[in-house]
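A.B. asks: Here it is, the structure in full.
The values are calculated or read from the model by the stated rules, or taken from the named source; none is laboratory data. Model, not experiment: these values are computed from the prediction. Cβ: placed from backbone, ideal geometry, glycine included. Neighbour counts: every protein chain shown.
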């Protein structure tokens with residue numbers, strides 16, 4: 001019971017934070033369109049309007065993130081990941097409305113935007129912990145959960161994470177490494193199925209594998225994977241890049257062997 005309550009507390013906080021972030025992002029996009037339209041009609045006042053709009057967006061961004069601090073979100077994500085891994089919380093988590101959608105949104109949280117280094121590192125940690133939660137759900141999920149992950153665009157968001165990995169030196173390498181490993185393990189499970197003592201078993205799921213590869217291709221992940229296959233500075237990245245490429249190229253091999 002205590003474990004279920006902890007999951008519920010964490011998921012409520014994560015979903016609430018993501019909803020606030022998404023709504024704020026949509027509002028800013030709408031304001032940007034309105035701003036551009038007004039600017040076209042009033043070029044003379046463009047500079048002043050831009051400065052005011054930029055300041056307002058910065059204030060809104062700070063207000064949005066202060067609703068629930070990045071450190072608190074990271075803590076809740078870490079707690080959720082632990083519940084999934086060590087307390088068999090995967091089935092419970094997947095039944096919570098909007099949670100997968102929220103986690104997928106947070107995997108790309110503020111990606112490509114930069115403020116102070118401290119805030120950038122906190123955002124990287126939010127993305128990292130969100131990715132760990134999704135990875136834990138995938139690793140400990142049954143066939144139904146694999147299907148739901150594909151439906152929600154798990155392959156697509158992993159591709160975006162890989163192609164826009166942000167950070168500084170080790171942080172960037174870690175994001176690339178984890179992205180490649182997640183893609184490789186996910187596709188391997190869909191291709192070959194599962195039958196071991198520590199994960200739910202399921203038969204090969206070739207249709208889900210094909211759809212996931214389509215998501216990768218749509219986001220240009222193939223080019224990024226091929227680039228990392230020639231990585232001269234990090235051997236582990238190169239290994240997982242080659243493995244991910246093998247999984248993509250061998251999309252139909254497992255099905256032929258059945």
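A.B. asks: Got a number for residues in segment 130-143 being more than 17 Å from residue 183 (Cβ to Cβ) and either surrounded by 23 or more Cβ atoms within 10 Å (Cβ to Cβ) or touching a strand residue (DSSP E or B) at 6+ places or on another chain (Cβ under 7 Å) (or both)?
C.D. replies: Summing the residues that are more than 17 Å from residue 183 (Cβ to Cβ) and either surrounded by 23 or more Cβ atoms within 10 Å (Cβ to Cβ) or touching a strand residue (DSSP E or B) at 6+ places or on another chain (Cβ under 7 Å) (or both) in segment 130-143 gives 2.
A.B. asks: Among the residues in segment 105-121, are any out of contact with any helix residue (DSSP H, G or I) (no Cβ under 7 Å at 6 or more places or on another chain) and modelled with pLDDT of 85 or more?
C.D. replies: no
A.B. asks: Of all residues in segment 191-230, count the ones that are in contact with a strand residue (DSSP E or B) (Cβ under 9 Å, 6 or more places away or on another chain) and assigned to a helix (DSSP H, G or I).
C.D. replies: Residues meeting the conditions: 0.
A.B. asks: Anything in segment 82-95 that is within 14 Å of residue 141 (Cβ to Cβ) and outside any helix (DSSP H, G or I)? List them, or say none.
C.D. replies: Of everything in segment 82-95, those that are within 14 Å of residue 141 (Cβ to Cβ) and outside any helix (DSSP H, G or I) turn out to be 88, 89, 95.
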